[in-house]
Amino acid sequence: MKIKTSLKVSSPKEHSQLMARIACKMAKEKKYKKILDMGTGTGYIALALYEKGFKVEACDISPHSVELARENVKGKEIPIFQSDLFTGVKKKYDLILFNPPASGAAGENPLSNFIRKTRLRKPLAALFYILKSRKRFQFILNFLRQAKNFINSKGRVLIYMNPGELRKIEPKLKQDYNFVRINHEKTANNLIIVATELK
Ligand SMILES: C[S@@+](CC[C@H](N)C(=O)[O-])C[C@H]1O[C@@H](n2cnc3c(N)ncnc32)[C@H](O)[C@@H]1O
């Protein structure tokens with residue numbers, strides 16, 4: 001699959017490919033018809049699903065991403081729109097996919113450049129990592145809390161998180177969702193795909 005990339009947009013990684021493969025398999029087995037690729041980046045996952053015959057839409061908070069993804073899916077029926085999580089989402093879907101940003105929000109934090117240069121970089125980097133992890137945890141929690149209003153009753157949300165995040169998130173959302181740990185293949189950064197379905 002040919003995809004244009006750009007320095008302003010997160011390019012597909014090994015785990016983007018894994019998510020695309022798992023989503024295709026799941027959508028086929030469960031006969032899912034409508035799919036949303038949240039935080040589409042280059043449009044890679046949306047395009048992979050479309051090429052397997054699924055009806056898919058995609059969104060991203062970043063205007064650079066929306067522009068690049070539109071270029072990558074040119075001539076194909078894949079609506080791409082700008083949305084901060086679900087603010088621009090108008091429908092319900094059978095499957096919503098999200099490979100969330102490592103930092104928990106769009107864009108590079110200006111603090112990381114400062115930390116790289118200072119003599120206190122080790123302790124500061126550790127503190128920064130803790131703050132970043134907290135921010136990402138809140139971001140994923142917020143995403144899942146909103147996502148339940150946008151999935152059809154037998155639908156699912158597929159999302160990457162690490163096992164530590166899953167341990168903390170599951171008890172907070174157990175009244176809303178059943179959680180299933182999906183992937184059998186290991187990704188380099190120990191991310192796992194978690195499927196959640198409404199209770
Ligand atoms: C790790 S990248 C994944 C890109 C693509 N899905 C892939 O796997 O190649 C995360 C994407 O989420 C987008 N994003 C970050 N915050 C978002 C938000 N609040 N709403 C929608 N998208 C967001 C980023 O702009 C980025 O494109």
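The table that follows gives values for the structure above.
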item: Net length gained if the chain between Arg167 and Lys31 were fully extended (0.36 nm per residue, minus Cα distance); result: 46.0 nm
item: Burial ordering of Ser65, Ser153, Ser16, fewest other beta-carbon atoms within 10 Å first; result: Ser153, Ser16, Ser65
item: Residues of type lysines that Lys172 reaches as a straight line, Cα spacing below 18 Å, ignoring anything fewer than 8 places off in the same chain; result: Lys135, Lys148, Lys199
item: Cα-based convex hull volume of region 34-90 per residue, rounded to whole Å³; result: 62
item: Segment Leu124-Gln82, extension gain: residue separation times 0.36 nm, minus the distance between their alpha carbons; result: 11.7 nm
item: Subset of Lys33/Lys90; Lys25/Lys55; Lys8/Lys168 violating a 25 Å alpha-carbon distance limit; result: Lys8/Lys168
item: Distribution of pairwise C-alpha distances over the chain, 5 Å bins, in %; result: 1, 7, 16, 19, 21, 16, 10, 5, 3, 1, 0, 0
item: Candidates Phe54, Phe81, Phe128: whichever shows maximal mean-square fluctuation once the chain is modelled as a Gaussian network with Cα springs under 10 Å; result: Phe128
item: Potential lengthening between Lys174 and Leu131 on full extension [0.36 nm per residue; Cα-Cα distance subtracted]; result: 13.0 nm
item: About the Cα centre, charge dipole magnitude for the chain (Lys/Arg +1, Asp/Glu -1 at Cβ), debye; result: 420
item: Derived scalar couplings ³J(HN,Hα) [region 88-103; Karplus, 6.51 cos²θ - 1.76 cosθ + 1.60; whole Hz; x for Gly, Pro]; result: x, 8, 10, 10, 9, 10, 7, 9, 10, 10, 8, 9, x, x, 4, 7
item: Interchain or long-range residues, amide H under 5 Å from Phe81's placed H; result: Ala58, Cys59, Asp60
item: Estimated distance in nm for a label pair at Lys2 and Glu71, the labels positioned 7 Å out from Cα along Cα-to-Cβ; result: 1.4
item: In region 15-104, the trypsin sites (Lys or Arg not before Pro) that fall in loop regions by DSSP, at most 10 other Cβ within 10 Å; result: Lys31, Lys74, Lys90, Lys91
item: HN-Hα J in Hz across region 63-76 - Karplus 6.51, -1.76, 1.60, θ = phi - 60°, x for Gly and Pro; result: x, 5, 5, 4, 5, 5, 4, 4, 5, 5, 10, 3, x, 10
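Every read-out reported here was derived from the displayed coordinates using simple, explicitly stated rules and does not represent laboratory data. Keep in mind the model is a prediction, meaning the values are calculated, not measured. Note that we place each Cβ from the backbone using ideal geometry, even for glycine, and neighbour counts take in every protein chain shown.
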